[in-house]
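Report on the following structure.
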Amino acid sequence: MTALQIIGYGYAFAVVAYSLLCVSIDPRPDLLAATGFEVVAVSVTLFFALRTRRSESGRLQKTVFNGLLDHFLGGTAGVLRATINVVAGVFLAFVALDLAAAMCTRIGAYEVARPLYMVSPLAQAARNVPGMHPAFSAEILAGAAIEGGYRSKAREIFGMLESIRLEFYGERSESYAAFLADRAELSLKDGDLASAERDYLKGLEISLFVLKDRGSGRILTRYADFLRDRGRFAEADKYYLQALEMRQKQFGAHSDKALETLEAYRQLVVQAGQKAPGLKLGTDIAEIDKRIAFEKALKSKRDAKGDPLVYSVFLLVMIALGFVGGRILFGKKGVATRFLLDRLIVKYRSVPESLSEREMQRLRQLLDLTGRSLDE
């Protein structure tokens, strides 16, 4: 098995392992079906891969691949092989470390999980790469716990996540503000309104301090939702207006983010009724619905969200394409096989002495595995 194959199967096993951890917390039917599909797909693929490796076609593929590397790269082929092996080893080590931390999180061994997350190079990279979070796998497990109704488990995980974010980014950071907004929603589910509002306000204050007039639309919208559902319509209107202006400025007037805030504002209009006639964004529900319908039509043209089964099918299709592509390139009559064999035969016929011992051995292997002869 090549290093690239090791990386591929390591990634596939990691996806399955993370899915199993999530399902163990939140055994929803769609997650169970998707995870089962992934387990079957990866198991079947690995079975055929191991079987192929020992087969004639597997040996042919390996011979052709190594021959092409030597043909095009010459003496640097060995360096490339060594580099790929190092990359494969590092990748698997990173995945294994994060997976071990996730498993410790799942069983509640936070005193072990936290240092594992802290030393992970993936977590260290999150300091400088936008969109990456340290202990992201723990965040996924916390989300699964919330969806599954295990909020006490989610709070335990949140406690670890808070300490990690504070150590990585400090209190005055966008990352910590986002965490506070997530914790506020958990408090809402627990019915702890005072804690929820406290976290919203603190997160909002930090976010506005760090990001100024850009990037706080998410927490503004969520706090406005909180105010709306408490009947504090005038306050909610103020924050919705601020969120919509900010999101339109940052992402565009027709962005998904602006649509999210607009749909939330619609609920304010419905709930307020005649109690809050002075709403700044307007109370004409028909006009708001018309605008939302227009934005959704644009959105449907841009993208469509898939459920977990879609991603499982995509995984299977990619694996199938890999097998088909392997046959087309490295089969007995594959493009790469014919290319390499023809050049070795031409070289042998013109100047046999120019073939190195490795090339001569490779030529014999290819002739034997493809059933061709030098006379063809």
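Would you work out which of Phe168, Leu201, Gly371 lies farthest towards the positive end of the dipole of the chain, given +1 charges on the beta-carbon of Lys and Arg and -1 on that of Asp and Glu, about the Cα centre?
Of the candidates, Gly371 comes out farthest on the positive side.
In degrees, nearest 10, range 0 to 90: what is the angle between the Cα axis of helix 285-302 and the longest Cα principal axis of the chain?
The angle comes out at about 10 degrees.
If we restrict to alpha carbons, what Rg and Dmax does segment 61-198 come to, in Å?
Computed over the Cα atoms of segment 61-198, radius of gyration and Dmax are 20.7, 70 Å.
Calculated from DSSP H runs of 4 or more alone, at -39500 (n - 2.57) each and per residue, what is the 222 nm mean residue ellipticity of the chain, nearest 500?
The per-residue figure over the chain is -27000 deg cm²/dmol.
Given the Cα-Cα distance of Glu235 and Glu156 and 0.36 nm per residue of separation, how much length would full extension add, in nm?
Here the segment from Glu235 to Glu156 would lengthen by 25.2 nm.
Using a ≥ b ≥ c from the Cα gyration tensor of segment 15-107 (square roots of the eigenvalues), is it rounded, prolate or oblate, where a/c under 1.5 gives rounded and otherwise the larger of a/b and b/c decides, a/b for prolate? List each step's numbers first, then the result.
On the way: a/c = 4.19, a/b = 1.80, b/c = 2.32.
Oblate shape, in that a/c is at least 1.5 and b/c is the bigger or equal ratio.
So what's the angle, to the nearest 10 degrees on a 0 to 90 scale, between helix 308-330 and the longest Cα principal axis of the chain?
That works out to roughly 20 degrees.
Can you work out the Karplus-derived ³J(HN,Hα) for every residue in segment 60-72? Use 6.51 cos²θ - 1.76 cosθ + 1.60 with θ = phi - 60°, whole Hz, and x for glycine or proline.
Listing the rounded values in order: 5, 4, 5, 5, 5, 4, 5, x, 5, 4, 5, 5, 8 Hz.
Return the loop-located trypsin sites (Lys or Arg not before Pro) in segment 63-142 (DSSP other than H, G, I, E, B) with at most 14 other Cβ atoms within 10 Å of their own Cβ; answer none if there are none.
Answer in residue order: Arg127.
Between the DSSP loop rule and a limit of at most 16 other Cβ atoms within 10 Å, which trypsin sites (Lys or Arg not before Pro) in segment 155-253 are left?
For trypsin sites (Lys or Arg not before Pro) across segment 155-253 that sit outside H, G, I, E and B with at most 16 neighbouring Cβ atoms in 10 Å, the list reads Arg172, Lys212, Arg214, Arg230, Arg232.
Each residue of segment 197-202 in turn: what ³J(HN,Hα) in whole Hz from Karplus with 6.51, -1.76, 1.60 and θ = phi - 60°, glycine and Pro shown as x?
Values per residue, Gly and Pro as x: 5, 4, 5, 4, 5, 5 Hz.
Report, to the nearest whole %, how much of the accessible area of the chain belongs to carbon and sulfur atoms, 1.4 Å probe, protein only.
Carbon-and-sulfur percentage of accessible area, whole number: 61.
Tell me whether segment 172-265 comes out rounded, prolate or oblate; compute the Cα gyration tensor, take square roots of the eigenvalues as a ≥ b ≥ c, and use a/c under 1.5 as the rounded threshold.
oblate
Tell me the label only: which of (1) 1.08; (2) 1.12; (3) 0.98 is Rg/Rh (Cα atoms, Kirkwood Rh) as calculated from this structure?
Read-out from the structure maps to (2).
Quick one: grab the alpha carbon gyration tensor of segment 193-242, order the square roots of its eigenvalues as a ≥ b ≥ c, and give me rounded if a/c is under 1.5, else prolate or oblate depending on whether a/b is larger than b/c.
oblate
Whole-Hz ³J(HN,Hα) for each residue in segment 232-244, computed from phi via Karplus 6.51 cos²θ - 1.76 cosθ + 1.60 with θ = phi - 60°, x for glycine and proline: what do you get?
9, 5, 4, 5, 4, 4, 4, 6, 4, 4, 5, 5, 5
The values are calculated or read from the model by the stated rules, or taken from the named source; none is laboratory data. Values in this document were obtained by computation on a predicted structure and should not be read as measured data. Here the Cβ is made from the backbone with ideal geometry for all residues, glycine too, and neighbour counts use every protein chain on show. SASA here: full protein model, heavy atoms, side chains in, ligands and nucleic acids out. Shrake-Rupley method; radii C 1.70, N 1.55, O 1.52, S 1.80 Å.
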